[in-house]
Amino acid sequence: MDFAYSPRVQEMRTRLLAFMDEHIYPNEQRFHAEIEENRRNGNPWVPTKVVEELKPKARAAGLWNLFLPFSERVPEGLSNLEYAPLCEIMGRVSFASEVFNCSAPDTGNMETLERYASEDIKREWLDPLLRGEIRSCFAMTEPDVASSDATNIQSRIERDGDHYVINGRKWWSSGAGDPRCAVYIFMGKTNPDAPRHSQQSMVAVPANTPGITIVRPLSVFGYDDAPHGHCEVIYKDVRVPVGNILLGEGRGFEIAQGRLGPGRIHHCMRSIGVAERAMEYMCRRLSSRIAFGKPVAAQSIWHERIADARCMIDQARLLTLKAAYMMDTVGNKIAKAEIAMIKVVAPNMACQITDWAIQAHGGGGVSGDFPLASMYAHQRTLRLADGPDEVHRNAIAKLELARHLDMPGGADKVEMPITRGA
């Protein structure tokens with residue numbers, strides 16, 4: 001495995017770093033100020049002007065849709081391994097990924113539509129998503145069942161002539177709060193009597209379809225993630241054409257496996273960027289504060305934490321790169337153990353380092369004067385999003401046990417989880 005940056009990636013990385021310095025970091029305060037002003041005016045869900053102003057600049061700089069590999073529609077798309085160092089840089093600032101049209105859930109939804117949708121659906125929804133004209137939502141997790149086991153999902157997609165009729169309640173529907181959201185990727189059961197992993201399907205649902213009701217936005221440790229948001233949504237007798245089905249009835253788990261692999265590793269790439277930035281904040285704060293007659297950075301406990309943090313970041317980065325390399329070379333199914341491992345490792349690593357950075361800042365660390373509290377809240381959420389730690393650890397353990405069984409193809413018999421939340 002060769003993780004050295006290609007000349008193309010090195011050049012793009014240089015351009016991205018320059019763009020971050022010129023346009024992203026200087027606008028962080030403006031971004032949050034706009035959201036607060038919108039909140040005072042009664043609607044925090046209004047898209048921020050600053051992000052919309054920066055998108056054309058990112059596109060002109062050739063830093064657009066970098067996440068999507070092997071697509072004729074996106075010749076500029078990078079492989080997972082090539083994208084990793086760029087995604088890490090974007091992850092340092094909460095809104096940066098959207099500026100480059102590389103933010104969740106749109107990335108996962110665009111990849112889903114590219115791989116599994118009909119050409120008509122691609123023209124209707126994928127093309128405007130790739131142009132950054134609309135946004136999207138992914139609707140899988142439900143409040144009434146333990147969605148860490150996606151076979152529990154109860155929402156129904158029932159055929160009625162030339163339409164499907166959708167009924168159910170979803171929550172943690174990422175992107176539903178955004179007024180630009182134009183399409184939902186919805187997972188529900190088409191045949192409850194089919195084999196366990198063939199009961200469910202995915203369908204594209206126009207966001208303006210009658211019968212869709214957004215019940216409420218959901219907050220995480222007090223953060224509502226406006227203007228994007230995660231919501232609880234009710235679907236009552238929502239009718240969509242049968243042509244909106246993705247890949248075919250009973251193929252929902254197959255699609256989810258293809259969608260969640262890239263989504264998981266993208267989260268991990270961004271988590272490494274979060275951890276690097278938390279480390280920077282921590283070291284600067286420790287060096288600028290005097291306690292008990294000497295810099296806090298001189299206290300030996302902080303030497304230990306800084307050293308541990310550097311080891312943890314570099315270990316997580318290497319595992320992420322290995323997983324990305326395997327996804328590119330042998331496919332997501334063969335890379336299932338590495339994807340599961342990094343999904344456990346990266347958010348836990350970022351949580352710990354961000355927690356140390358908060359501790360180094362004292363009261364400032366939990367205030368809004370620094371981004372650390374928000375960074376921690378998001379990283380803690382990632383230990384649940386796209387599958388809780390426990391489910392991934394269980395899958396890793398089964399794969400490891402199967403490797404040591406005296407039977408051909410033992411590891412291939414282990415089913416990987418399709419899961420998004422609690």
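The values are calculated or read from the model by the stated rules, or taken from the named source; none is laboratory data. From a predicted model like this one, the values you see are computed outputs, not experimental measurements. Backbone-built Cβ (ideal geometry, glycine too); neighbour counts: all protein chains shown.
Computed quantities for the displayed model
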read-out: Of all residues in the stretch 6-16 being touching a residue at least 60 places away in the same chain (Cβ under 8 Å) and surrounded by fewer than 14 Cβ atoms within 10 Å (Cβ to Cβ), the one that is farthest from residue 55 (Cα to Cα); value: 6
read-out: Test: residue in the stretch 221-230 that is modelled with pLDDT of 95 or more, part of a strand (DSSP E or B) and surrounded by fewer than 23 Cβ atoms within 10 Å (Cβ to Cβ); value: no
read-out: Some residue of the stretch 203-212 being at pLDDT 95 or above and hydroxyl-bearing (Ser, Thr, Tyr); value: yes
read-out: Residue satisfying all of: in the stretch 339-379; buried (at least 21 other Cβ atoms within 10 Å of the Cβ) and free of Cβ contacts under 8 Å to residues at least 24 places away in the same chain; nearest to residue 325 (Cα to Cα) among these; value: 358
read-out: Condition check for residue 169: under 24 Å from the mean Cα position of the chain (by Cα) and part of a strand (DSSP E or B); value: yes
read-out: Close pairs (8 angstrom Cβ cut-off, 6 or more residues apart or separate chains): surrounded by 15 or more Cβ atoms within 10 Å (Cβ to Cβ) in the stretch 45-61, among the β-branched types (Val, Ile, Thr) and part of a helix (DSSP H, G or I) anywhere; value: 48/35; 51/99; 54/24; 54/99; 55/99; 58/99
read-out: Qualifying positions in the stretch 326-360 - over 19 Å from the mean Cα position of the chain (by Cα), over 22 Å from residue 70 (Cβ atoms) and of a type in the set (A, V, I, L, M); value: 353, 357, 358, 360
read-out: Residue count for the stretch 288-305, restricted to those that are surrounded by 13 or more Cβ atoms within 10 Å (Cβ to Cβ) and in a helix (DSSP H, G or I); value: 5
read-out: Selection from the stretch 306-330 of residues that are among the charged types (D, E, K, R) and surrounded by fewer than 21 Cβ atoms within 10 Å (Cβ to Cβ); value: 308, 310, 314, 322, 328
read-out: Any hit, the stretch 258-271, residues being surrounded by fewer than 24 Cβ atoms within 10 Å (Cβ to Cβ) and more than 16 Å from the chain's Cα centre (by Cα); value: no
read-out: Failed condition for residue 291, given (1) in the same structural domain as residue 359 (by TED's automatic domain parsing); (2) out of contact with any His (no Cβ under 8 Å at 6 or more places or on another chain); (3) within 28 Å of residue 50 (Cα to Cα); value: (3)
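Here's the yes/no breakdown for (1) in a helix (DSSP H, G or I); (2) within 21 Å of residue 130 (Cβ to Cβ):
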| position | (1), (2) |
| --- | --- |
| 3 | no, no |
| 10 | yes, no |
| 13 | yes, no |
| 29 | yes, no |
| 43 | no, no |
| 54 | yes, yes |
